[in-house]
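Step one of this worksheet: look at the structure below.
Laboratory data are not the source of any read-out in this text; all were calculated from the coordinates shown. All figures in this text were calculated on a predicted structure; none of them were measured in a lab. For neighbour counting, all protein chains shown are included, and Cβ atoms are generated from backbone atoms with ideal geometry for every residue, glycine included.
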Amino acid sequence: MTAAVLYGKEDIKIEQVPIPTLGEGEILVKVHAALTCGTDLKVYRRGYHARMIIPPALFGHELAGEIAEVGPGINKFRKGMRVAAANSAPCGACFYCKRGQENLCDDLLFNNGAYAEYIRIPKRIVEKNTLVIPDKVSFEEAAMVEPLACVLLGLNESNVRPGDNVVVIGGGPIGLMFIQVAKAKGCRVISVVKRDEQIETAHRFGANDVVQIVPEQAAQQPATIAAIHKLTQNLGADVVIEAVGRPEAWQWSLDMVRKGGTVQFFGGCAAGTRVELDTNRIHYSALRMLATFHHTPQAIREAFALIGENKVRPTDYITGRAPLTELQQVFRHMMERTSDGKSDIKTAIVPGN
């Protein structure tokens, strides 16, 4: 079969590799759609991911397709079924799983290889995180369940409620998902973006108001913070979602949230990053701060339901399509678009083309 193999930093090769053989409880999926994402771009740039992928390795993790073969012991699934499989599954037995924190599982099993004609789904992911796609949902739509589940878990852990003022910092794919899901939960959403073209996009995805970062104001952003307060009756937002992974944005979050509000540090900064936070404001304003990582089986199912109910429109995020043979060019284009101040949202890689 044809597959993308990651060899290192900015080094992907499209090669012929053996079709995976199946063990007990495993399934083989013919990939119909694999979506690009910010995590894959980071892995491409760095050449590895300490927890998810060590090269040389098959690459990609957002996928949907059709079952081509089932292994021994499979009863729930059969050949020809349309399925979406998440990129991981928890063990269910460790300290964290037993306490309902499956996203922090000590033995979280990851699976890569979506940028290929076929992908083997391990038994644990088959059992815990593989779902049958309804007829009305396309492969491209179903493939977005994994990042959407991460966003949904972040909002759920932030305890957003209908009517809350929610600020989302960041206009990339994850920021846009936060906007749509927060709107679906009945919140008023204020989007904070950097670039001119992101203003219209944020409105299109459901933002009630959009505030643009002032480049000349560097890390402090007094005008941006003042704009947030003006839009929230000088109180600040009930919940602030940091979805860019920048230390300065972590600091802005504390100045945008109201007393007693919640800051969700969703965007992961680079390893070794340190941030100075106003301890006086944190303490005397009784701020709640948290960070959310990854997803859980329950979040996967809730996200899949949002897609099925059309409360989130995955096709809105797909700004391009390309065959597997052009994957290297797609990632180079993503890097160029990011560096020149522009960005695509997602590209659907279609292995059969």
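Suppose every K and R has +1 on its Cβ and every D and E has -1 on its Cβ; what is the size of the dipole of the range 159-290 about the Cα centre, in Debye to the nearest 20?
It comes to approximately 400 debye.
Given 214, 284, 145, which one lies farthest toward the positive end of the charge dipole of the chain, if we put +1 on the Cβ of every Lys and Arg and -1 on the Cβ of every Asp and Glu?
284
Sort 191, 285 so the one with the fewest other Cβ atoms within 10 Å of its own Cβ comes first.
The order, fewest Cβ neighbours first, is 285, 191.
Please list the non-local residues whose amide H lies under 5 Å from the amide H of residue 261, H modeled 1.01 Å from N, same-chain partners needing a gap of 5 or more.
Distant-sequence amide H within range of residue 261: 288.
Please give the direction-averaged projected area of the C-alpha convex hull for the range 159-290, in square nanometres with one decimal. Write down the numbers at each step before the final one.
On the way: hull surface 30.0 nm².
It is 7.5 nm².
Only bridges whose two residues both fall in the chain count here: according to DSSP, what percent of them are antiparallel, nearest 5?
Around 55 percent of the beta bridges assigned by DSSP in the chain are antiparallel ones.
Sorted by average packing, counted as other Cβ atoms within 10 angstrom per residue and highest first, what order do 95-104, 170-179 take?
Listed from highest to lowest mean packing, they are 170-179, 95-104.
What list of ³J(HN,Hα) values in whole Hz, one per residue of the range 58-64 in order, does the Karplus curve 6.51 cos²θ - 1.76 cosθ + 1.60 (θ = phi - 60°) give from phi, with Gly and Pro shown as x?
Values, residue by residue: 5, 10, x, 8, 9, 8, 8 Hz.
Going through the cross-link list 13/76; 128/185; 30/76; 42/194; 183/346; 42/136, which pairs have a Cα-Cα distance over 29 Å in this structure? Intermediate results must be reported in sequence, preceding the final value.
Working: 13/76 35 Å; 128/185 26 Å; 30/76 18 Å; 42/194 20 Å; 183/346 21 Å; 42/136 33 Å.
Going by Cα-Cα distance, 13/76; 42/136 fall outside the 29 Å limit.
According to the Cα gyration tensor, what semi-axes, each the square root of 5 times an eigenvalue, does the equivalent ellipsoid of the range 75-229 have, listed from largest to smallest in whole Å?
Semi-axes, largest first: 36, 19, 15 Å.
Alpha carbon centre of the range 88-143 versus the range 182-247: separation in Å?
32
Explain nothing, just the number: dipole magnitude of the chain about its Cα centre with +1 on each Lys and Arg Cβ and -1 on each Asp and Glu Cβ, in debye rounded to the nearest 20.
540
Just 281, 332, 258 to compare: in a GNM of the chain, with alpha carbon springs under 10 Å, which one fluctuates most?
For the chain, modelled as a Gaussian network with Cα springs under 10 Å, the answer is 281.
Using θ = phi - 60° and the Karplus relation 6.51 cos²θ - 1.76 cosθ + 1.60, list the HN-Hα couplings for the range 307-315 in order, rounded to whole Hz, with x at every Gly or Pro.
So the Karplus estimates, Gly and Pro as x, are 5, x, 8, 6, 7, 10, 10, x, 5 Hz.
Okay, which of the range 308-332 sit inside 20 Å, backbone N to the point 7 Å along the Cα-Cβ direction of residue 136?
308-317
Once both labels are modelled 7 Å past Cα along the beta-carbon direction, what's the residue 301-residue 1 spacing in nm?
For residue 301 paired with residue 1, the spin-label model returns 2.8 nm.
Using θ = phi - 60° and the Karplus relation 6.51 cos²θ - 1.76 cosθ + 1.60, list the HN-Hα couplings for the range 121-138 in order, rounded to whole Hz, with x at every Gly or Pro.
Listing the rounded values in order: 9, x, 3, 4, 6, 4, 6, 9, 9, 10, 10, 7, 7, x, 4, 7, 9, 7 Hz.
Non-local amide H neighbours of residue 81 (under 5 Å, H modeled in plane, Pro and chain starts lacking H): which ones?
Residues meeting the amide H criterion: 67.
For residue 211, which sequence-distant residues (separation of 5 or more, or a different chain) have an amide H within less than 5 Å of its own amide H, given hydrogens modelled in the peptide plane?
191, 192, 193
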